[in-house]
Structures are given as C-alpha cells and as structure tokens.
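Read the structure below first, then the notes.
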Amino acid sequence: FGIPYENAQDTSFFMQLSDGEFDDSQLVTITVEQVDNLPVITSPLIANAREDEYFVYHAAGFDPEGALVSWNWVSLPSWMSAADDSVFGIPLEGDLSTTIQLIASDGNLQDVAQISIQVETVNDQPAITSPATALAVEDQSFVYYCQAVDPEDSTLSWIFPNRPLWLSANADSVYGMA
C-alpha cells in the first residue's frame, strides 16, 4: 500500500515470479493521475489591533501544485480596507473586535479561514465641556455645574483643589455664597 506524494511522476517497477523450476517476469507501469488540491492558508487565525493605531494583516499560504494564489476578503468592518493579500486600517473609538473571512483560491479550488481581529481598547482622555468662566454676585447663592465628555462613558471623578474658601464641592458641582 502506498500513496503517491504531491507531484509524483509516472513510474514503473519490474516483478519476477518463480515456482522453483519456471520463471516469469513483467514490467508494471504506473500512471499517476495528478489531483488539484486546495490551496492552504498558513497565516494566523487571530490578529491583535489597538484602537487609534494603524493595523495591517498579511495573508500567507500556498498552493500544493504551485499555482498562483489569489486572496479575497469578506465581512470587513468599516474601518478596514483590503488590497491583494492584506487588510489594513485604524480602529477608532467604539470599533469592536470582529471576525473577517479570508478566501484563498488557485482558480479552481479555495480554502476559507475565519480571522479573528481582537481590538484592544484605549482609555481616551475625558474633556471638560463646561464654561471656563462664571459670574458670581456678591451676597447671592452661586452654583456651578461641571460638565465633561468621556469617549468610554467612564464614571468621572471631580476634584477642586484651589477653590476659594466660600465655595463647597459636591460631586460635579461647586456652590456657595459669594
């Protein structure tokens, strides 16, 4: 029993038979029928991307018969583009981990892989959006409400280290009598 290896050529072998008195021989010719095998994707099935940073993934693989492999990409997220054997782009705030499909074709057969792109989120800086100036009237109550935005919607903590003595602080506001 045997299995012809990839690209094995036609071959032959000689056999002999004997009963002790008479001999016979024959040449056996073997024709190896070539089979088109699937191309093989060898690039990793998991890739890591980081929010706000350029990402690129290169497909790798081969065709056992040596045919040229073409690459196609399916289900790309909006932040990702494809060219030939690569996908690339910059994941932004809110872009989540995703799975894309990679198809390798030799023109007849194709191999398909699901590539998991793990997007690492980054804690972006919050920004104060409340006005930088306020008017307080002497001998009247004053309240200033602080406002901010945070790209991740994190719980924000406010501190007011240099406030005047007449102002008290509570959570996201300062108040007092000027």
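Give the residues of region 117-146 that are open to solvent by 90 Å² or more (accessible area, probe 1.4 Å), farther than 30 Å from V56 by Cβ and of a type in the set (S, T, Y), sorted by residue number.
Taking region 117-146 as the starting set, the residues that turn out to be open to solvent by 90 Å² or more (accessible area, probe 1.4 Å) are 120-121, 123, 125, 128, 132-133, 135, 138-141, 145.
From what is left, the residues that are farther than 30 Å from V56 by Cβ are 128, 132-133, 135, 138-141, 145.
Hits for region 117-146 are T133, S141, Y145.
What is the number of the single condition among (1) within 18 Å of I117 (Cα to Cα); (2) among the hydrophobic types (A, V, I, L, M, F, W, C); (3) touching a residue at least 24 places away in the same chain (Cβ under 8 Å); (4) surrounded by 14 or more Cβ atoms within 10 Å (Cβ to Cβ) that I46 does not meet?
(4)
How many of the residues in region 147-178 are in a loop (DSSP other than H, G, I, E, B), open to solvent by 60 Å² or more (accessible area, probe 1.4 Å) and more than 30 Å from G94 (Cα to Cα)?
Number of matching residues: 5.
Report whether or not F13 is over 17 Å from Q114 (Cβ atoms), open to solvent by 60 Å² or more (accessible area, probe 1.4 Å) and of a type in the set (A, V, I, L, M, F, W, C).
yes
Go through (1) in a loop (DSSP other than H, G, I, E, B); (2) surrounded by 15 or more Cβ atoms within 10 Å (Cβ to Cβ); (3) not hydrophobic (A, V, I, L, M, F, W, C) one by one and return the number of the condition D36 breaks.
Here D36 meets the rest and fails (2).
The values are calculated or read from the model by the stated rules, or taken from the named source; none is laboratory data. Every value quoted in this text rests on a predicted model; they were computed, and no experiment measured them. Cβ sites come from the backbone with ideal geometry, for glycine too, and all protein chains shown count toward neighbours. Ligands, DNA and RNA are excluded from the accessible area calculation, which covers all protein heavy atoms including side chains. Shrake-Rupley method; radii C 1.70, N 1.55, O 1.52, S 1.80 Å.
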